[in-house]
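Here is the structure we will look at, set down as structure tokens.
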Amino acid sequence: MKTLIIAIDGPVGSGKSTLARRVAELLGYVYVDTGAMYRALAFKALRNDLTLDGHDAELVALARATRIDLRAEDGTQRVFLDHDDVTTAIRTPEVSQAASKIAVNPGVRQVLVAEQRRAGEQGGVVMEGRDIGSVVFPDAQLKIFLTASPETRAERRWREHQQKGDHIDLQRTLEEIRERDRRDLQRSTSPLVRAADAVVVDSTAMEPEEVARLVVLLAKDKSSAQPG
Ligand code: DC
């Protein structure tokens, strides 16, 4: 099978990570979670007590001076920040909010988008985020825009935390999701938008495996339609 670039975008909790990971596994592709890059940088900014709002030049300097590596180990993706494993540390509600704040900074985005392009340009990659089909790889051969209702997304996020033993409030999770949606949709640089040529998949009433199989079918279709 030819090696495509598959872009998966969508709002928080729509199931992008589960989908992207599974599709990469089924196709033997590399999986890249770009949200983890924004999270890792936000984690470092919090640790350094930087101001997160606004177009702060300090944040851009931090992004330039930071090394973020995503590595597949034993079937899971591990995130390294300047060589330290921060895979678990970046999944807290505090880092989620901080990541969505630093993601409005155009200079920060420029640095991270350049790294994402380097990671995916060879193809054979499933990359998930908010702007992959619209900005990072506007020529990706397959673009999926994954959605689900806010209530379903909040419940999924809440369940994930429950499983980890973090007891968070469902109503509060829904409010946080709405707040992040607002920020992701309204920022002036690379807001969450559906690329005109993206396939919209609503996962509210679908099982994760069903969604993955659907995307693999679409990928095979695209791949056989490719010249060469
Ligand atoms: O997908 P996630 O929840 O791990 O992403 C964390 C934050 O990073 C999210 O609020 C928006 C931002 N983000 C972004 O702006 N662009 C991306 N390509 C990926 C994530």
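Each reported figure results from applying straightforward, stated rules to the coordinates on display, with no laboratory input. All values reported here derive from a predicted model rather than from experimental measurement. Don't worry about glycine lacking a Cβ; one is built from the backbone with ideal geometry, like all the others, and counts go over all protein chains shown.
Applying the set (1) buried (at least 17 other Cβ atoms within 10 Å of the Cβ); (2) outside any loop (DSSP other than H, G, I, E, B) to residue 80 leaves exactly one unmet item: (1).
Residue-wise test of (1) touching a residue at least 40 places away in the same chain (Cβ under 8 Å); (2) surrounded by fewer than 20 Cβ atoms within 10 Å (Cβ to Cβ); (3) within 21 Å of residue 137 (Cα to Cα); (4) within 12 Å of the ligand (Cβ to nearest atom).
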| position | (1), (2), (3), (4) |
| --- | --- |
| 7 | yes, no, yes, yes |
| 12 | yes, no, yes, yes |
| 20 | yes, no, yes, yes |
| 44 | no, no, no, no |
| 48 | no, yes, no, no |
| 58 | no, yes, no, no |
| 63 | yes, no, yes, no |
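Which members of the stretch 170-228 meet the condition of being among the polar types (S, T, N, Q), within 27 Å of residue 25 (Cβ to Cβ) and assigned to a helix (DSSP H, G or I)? Correct list: 223, 224. The residues of the stretch 83-102 that are acidic (Asp, Glu) and part of a helix (DSSP H, G or I) amount to a single one, 94. All conditions but one from (1) within 16 Å of the ligand (Cβ to nearest atom); (2) more than 29 Å from residue 170 (Cα to Cα); (3) in a loop (DSSP other than H, G, I, E, B) apply to residue 3; the one that does not is (1). The residues of the stretch 101-116 that are within 12 Å of the ligand (Cβ to nearest atom) and either of a type in the set (Val, Ile, Thr) or within 21 Å of residue 19 (Cα to Cα) (or both), listed by number, are 102, 104, 108, 113, 116.
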